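The values are calculated or read from the model by the stated rules, or taken from the named source; none is laboratory data. Not measured: the values here are computed from a predicted model. Heads up, the Cβs are rebuilt from the backbone with ideal geometry, glycines too, and the neighbour counts pull from every protein chain shown.
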Amino acid sequence: MAAFEYQAIDGRGRTVKGTLESDSAKSARQQLKVTGLTLLAIQEIHKQENRQRASLWTQRIGMRALTHITRQLAALLKSGLAIDEALAIVARQSESAKARRIVTAIRTRVVEGQSLAQACQGFPSSFPPMYRATVEAGESSGKLDQVLEKLADYLSDKGQLHRKLQMAMIYPVLLTGVSLLVVIGLLTYVVPEITGVFDKMGQQLPAITRGLIASSDFFKDYGLMLVVLLIVLTMAFKWLMRRDEPRMRFHRWLLRWPLTAKFSRGLNTARFTRTLAILTNSGVELLTALRIASQVLGNDAMRKAVETAALRVREGQSLNRALESSRFFPPVTIHLIASGEASGQLPRMLESAADDQERDIQALTELTMGLFEPALILTMGLLVLVIVLAILLPIFEMNQLIR
């Protein structure tokens, strides 16, 4: 059987969408005809996913929806339902049509005899390698419900961290954007109207006023060129980041520059240790877990270090020494991994390392934003003060001449 997504018109002339399972597209059309629907379009779901994967705007299940689906599936399996029945219930209860379509397609493949992990492989844009490997380990150990529950907790924690970072950045970004727009607006439109009066007087203007007029003229004459240049530089940077060598150099620089090193190292370490913890705790072999966990690292230099560490572990070296040699991972993380290997509780110590790094990242973010916001307000206040002084000083000089 296959899963199909259709669009049809019902007896009242309304357009309806849905999914169904059938042996072929022809039998699916017959099923819809029997129900009184006039078919407009029908598409097999896994083919649609393949087409979307090749496009620029690849659709996928969001983090929150994936967490909800995983937790629902874990609860249903724990209650004793078969995997296909659980998937059918999850598909019916999904609010998102996209999620409902994909879960239905997965259920169809499971009914055909595939494992859940194999069925998820058909939708790599929705189910990352770590997710599929964890599910496969749960199916192999016979503890799929427990593994899915831990996986849901992991996805929830990951999404929560992302939301915290995003919320922390909203106010500074808005404040910076509005401040820049205000200053540019003053220099481009307001200042020329006021300083034009001074030019007509023909008197010697203060240096601060002349500098303000020069800045205003520059923005009026070259403002559009600056915008174009900024767009070109952004596109050039993105093009460079698609190339392996420039991207590797940039990522190494991020790990060395004091202002970004701690944040980049901590965030990537938290991702890596959290992923490695759930994989090893689910029964995935360490070398395989290292290979999969390295893919969640957003920094190429750290990813290369983990791949090198995996080779050293294969040769018999301990994980903590293999990671320590790269000097990219925080000492406390190396110490916790060493303790886990010595005590035989590596997954628990990896979770502790992830918790520690996430707390550090949250504290660092709050501190940085706490310092950045008043610094930005002070800077904007000084800029406005300079503009006001540049306008008022010639007026004061005029009054003295009149007296």
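How many residues does the range 313-331 contain that are surrounded by fewer than 16 Cβ atoms within 10 Å (Cβ to Cβ) and either more than 26 Å from the chain's Cα centre (by Cα) or not assigned by TED's automatic domain parsing to the domain that holds residue 275 (or both)?
Adding up the residues that qualify gives 8.
So which of 334, 292, 377 is assigned by TED's automatic domain parsing to the domain that holds residue 245, part of a helix (DSSP H, G or I) and under 21 Å from the mean Cα position of the chain (by Cα)? Before you say what the answer is, go through the steps one by one.
Numbers: 334 fails: under 21 Å from the mean Cα position of the chain (by Cα); 377 fails: under 21 Å from the mean Cα position of the chain (by Cα).
Unique residue meeting the criteria: 292.
Considering only the range 233-256, I want to know if a residue exists there that is part of a helix (DSSP H, G or I), farther than 30 Å from residue 366 by Cα, of a type in the set (Asp, Glu) and touching a residue at least 12 places away in the same chain (Cβ under 8 Å).
Scanning the range 233-256 turns up at least one residue that is part of a helix (DSSP H, G or I), farther than 30 Å from residue 366 by Cα, of a type in the set (Asp, Glu) and touching a residue at least 12 places away in the same chain (Cβ under 8 Å).
Here's the yes/no breakdown for (1) farther than 30 Å from residue 374 by Cβ; (2) modelled with pLDDT of 80 or more; (3) assigned by TED's automatic domain parsing to the domain that holds residue 381; (4) in contact with a strand residue (DSSP E or B) (Cβ under 6 Å, 6 or more places away or on another chain):
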residue	(1), (2), (3), (4)
147	yes, yes, yes, no
153	yes, yes, yes, no
160	no, no, yes, no
163	no, no, yes, no
166	no, no, yes, no
177	no, yes, yes, no
180	no, yes, yes, no
186	no, no, yes, no
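I need every pair where a residue in the range 264-276 that is in contact (Cβ under 8 Å) with a residue 24 or more places away in the chain has its Cβ under 8 Å from the Cβ of a residue that is among the hydroxyl-bearing types (Ser, Thr, Tyr), sequence separation at least 6 or different chains.
269/333; 272/294; 273/333; 274/154; 275/154
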